[in-house]
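Engineer: Here it is, the structure in full.
The values are calculated or read from the model by the stated rules, or taken from the named source; none is laboratory data. If you're wondering where the values come from, they're calculated on a predicted model, not measured in any experiment. Note: ideal-geometry Cβ built from the backbone for every residue, glycine included; neighbour counts use all protein chains shown. For accessibility, only protein heavy atoms count, side chains too; no ligands or nucleic acids. Shrake-Rupley method; radii C 1.70, N 1.55, O 1.52, S 1.80 Å.
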Amino acid sequence: MKTTPPIHRRQFLKDTAVLGAAVGVAPNLLSAESTSSAGPFKGGKIRVGQIGCGNVSGSYLPNLTSQPFIEVVSVCDIIVERAKKRAREFKVPNVYPNIDEMLAGVPFDLLVNTTSMPSHFPVNKKALQAKRHVWSEKPIALEVKDGKELLDLARRNGVHFWGSPTCVTSPQFKFMAETMASGKIGKVTAGHGTYGHGGPGWSGWFYQKGGGSLYDPTRRVEDQGEVKVEADENTMLIMNHGKGVLSHVQTGFVYFDGERLAGEGRQLYTIDIMATKGTMHMQGWDWGPGGVDVASQGEAVLETFCKDPGKYNWVGGATYVAESLLTGTPSLITPEHALHVLEVMNACHQSQRTGRRISVESTFKWPLFS
Ligand SMILES: NC(=O)c1ccc[n+]([C@@H]2O[C@H](COP(=O)([O-])OP(=O)(O)OC[C@H]3O[C@@H](n4cnc5c(N)ncnc54)[C@H](O)[C@@H]3O)[C@@H](O)[C@H]2O)c1
């Protein structure tokens with residue numbers, strides 16, 4: 001189990017300044033700004049090139065191809081059979097075996113990067129260098145210095161760059177952010193986020209260097225058979241957000257997942273917010289929330305709010321930013337947020353390696369429109 005060493009509170013507050021983070025405890029409530037601008041897009045549609053045709057592309061492509069304002073023009077995978085299969089399934093006209101041929105081929109506006117994590121940085125970089133807008137699955141890179149390079153490159157080349165997390169666009173996330181901002185539950189003092197399961201069985205890279213979160217001697221996976229596990233199995237990250245606010249995030253690939261989190265009217269909490277005048281709990285996974293339970297002074301019984309997911313879809317991030325690109329409407333998803341998440345993850349590994357508390361410098365604007 002990964003833990004930070006025992007904490008002397010005063011020293012902890014001095015040494016550590018982790019801002020924001022995955023559970024949504026941000027130090028200040030700034031409104032998100034527009035990160036988009038409308039451009040002249042051919043036929044009034046955003047032309048998408050999807051790279052990485054593995055597991056998650058099977059959920060992305062139905063979402064992308066069902067939008068009237070998106071045309072998926074090409075798919076690409078280094079295992080080209082996978083790209084051909086997706087092209088047949090979703091009637092995509094062009095198939096490429098690597099990013100270079102894809103960029104040199106049929107033009108597109110937005111690259112949707114769903115490759116394995118170690119490929120995110122090199123693929124994102126090539127696309128930004130070629131002046132394409134980019135949506136990247138998490139993390140945008142493995143190292144924060146590379147993430148910064150990508151943000152700078154996008155800025156210099158006048159293109160947009162977005163990365164997961166998408167969950168800031170869910171009505172439940174908005175409800176929680178608004179409830180915190182309203183003061184209804186008082187001052188937030190602690191948060192807890194949890195994510196994990198028994199681990200993916202389809203690709204070995206999840207367990208190798210640059211993957212995570214798992215450590216176990218070996219694993220059996222579909223694409224490689226028996227793999228030696230090099231990445232973390234089980235992480236418990238403790239963060240100090242300043243002014244006495246603490247949170248922890250736990251994640252692992254060693255959790256019993258026979259349990260049903262969703263369905264049959266029962267959902268576990270995955271995000272908890274503790275505050276001076278109330279508590280708030282998200283039902284279900286952050287990426288597929290089922291409602292928010294709130295108790296506050298005067299209403300000390302938990303009441304469920306915000307059960308309707310609306311238009312929100314966990315694989316809808318690329319579609320969301322494509323619409324933002326086309327219409328010029330502001331985006332709640334920002335590259336600064338993705339970079340901050342990466343810096344927190346890097347700091348977690350560094351803390352584990354060195355046994356020290358690590359300061360986090362990056363910030364992002366609170367993803368809430370006023
Ligand atoms: N599978 C899920 O449910 C899920 C959910 C949320 C996020 N994600 C994220 O989506 C990404 C992909 O996950 P996955 O489960 O689909 O993995 P996967 O291993 O099933 O698929 C990744 C694909 O990318 C291809 N690829 C790798 N490097 C490439 C490169 N340089 N150029 C072209 N193709 C390349 C691989 O050949 C593979 O087909 C990861 O970042 C993962 O964290 C996955």
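Engineer: Quick check: anything in the range 229-237 in contact (Cβ under 8 Å) with a residue 60 or more places away in the chain, open to solvent by 60 Å² or more (accessible area, probe 1.4 Å) and not β-branched (Val, Ile, Thr)?
Structural biologist: no
Engineer: Okay, next question. In this structure, does PHE12 turn out to be under 30 Å from ARG357 (Cβ atoms), modelled with pLDDT under 95, of a type in the set (Phe, Trp, Tyr) and surrounded by 13 or more Cβ atoms within 10 Å (Cβ to Cβ)?
Structural biologist: Taking the combined requirement at face value, the residue satisfies it.
Engineer: Here is a follow-up. Please find, among LYS85, LYS148, LYS131, LYS125, the residue that is more than 30 Å from THR329 (Cβ to Cβ) and either open to solvent by 40 Å² or more (accessible area, probe 1.4 Å) or away from the ligand (no atom under 14 Å from the Cβ) (or both).
Structural biologist: After applying the criteria, what remains is LYS85.
Engineer: Would you call VAL48 closer than 17 Å to VAL321 by Cα, more than 11 Å from the ligand (Cβ to nearest atom) and open to solvent by less than 50 Å² (accessible area, probe 1.4 Å)?
Structural biologist: So VAL48 fits the description; yes.
Engineer: What single numbered condition from (1) in a helix (DSSP H, G or I); (2) at pLDDT 95 or above fails to hold for HIS192?
Structural biologist: That leaves (1) as the condition not met.
Engineer: Consider the range 196-210. How many of its residues are free of Cβ contacts under 8 Å to residues at least 40 places away in the same chain and open to solvent by less than 20 Å² (accessible area, probe 1.4 Å)?
Structural biologist: So the count comes out to 1.
Engineer: Have a look at VAL159, VAL168 and point out the one that is touching a residue at least 12 places away in the same chain (Cβ under 8 Å), more than 14 Å from the ligand (Cβ to nearest atom), in a loop (DSSP other than H, G, I, E, B) and surrounded by 18 or more Cβ atoms within 10 Å (Cβ to Cβ).
Structural biologist: VAL159
Engineer: What are the residues in the range 172-189 that are part of a helix (DSSP H, G or I) and open to solvent by less than 40 Å² (accessible area, probe 1.4 Å), if any?
Structural biologist: GLN172, PHE173, MET176, ALA177, THR179, MET180
Engineer: To continue, here is another question. Considering only the range 299-308, how many residues are in a loop (DSSP other than H, G, I, E, B) and either touching a residue at least 60 places away in the same chain (Cβ under 8 Å) or within 14 Å of GLY183 (Cα to Cα) (or both)?
Structural biologist: Going through the range 299-308 one residue at a time, the tally reaches 2.
Engineer: Could you please give the count of residues in the range 323-340 that are in a helix (DSSP H, G or I) and either hydroxyl-bearing (Ser, Thr, Tyr) or surrounded by fewer than 22 Cβ atoms within 10 Å (Cβ to Cβ) (or both)?
Structural biologist: Summing the residues that are in a helix (DSSP H, G or I) and either hydroxyl-bearing (Ser, Thr, Tyr) or surrounded by fewer than 22 Cβ atoms within 10 Å (Cβ to Cβ) (or both) in the range 323-340 gives 5.
Engineer: Go through the range 67-82 and give me each residue that's open to solvent by less than 80 Å² (accessible area, probe 1.4 Å), away from the ligand (no atom under 14 Å from the Cβ) and not aliphatic (A, V, I, L, M).
Structural biologist: Once the filter is applied, which keeps residues that are open to solvent by less than 80 Å² (accessible area, probe 1.4 Å), away from the ligand (no atom under 14 Å from the Cβ) and not aliphatic (A, V, I, L, M), the range 67-82 yields GLN67, PHE69.
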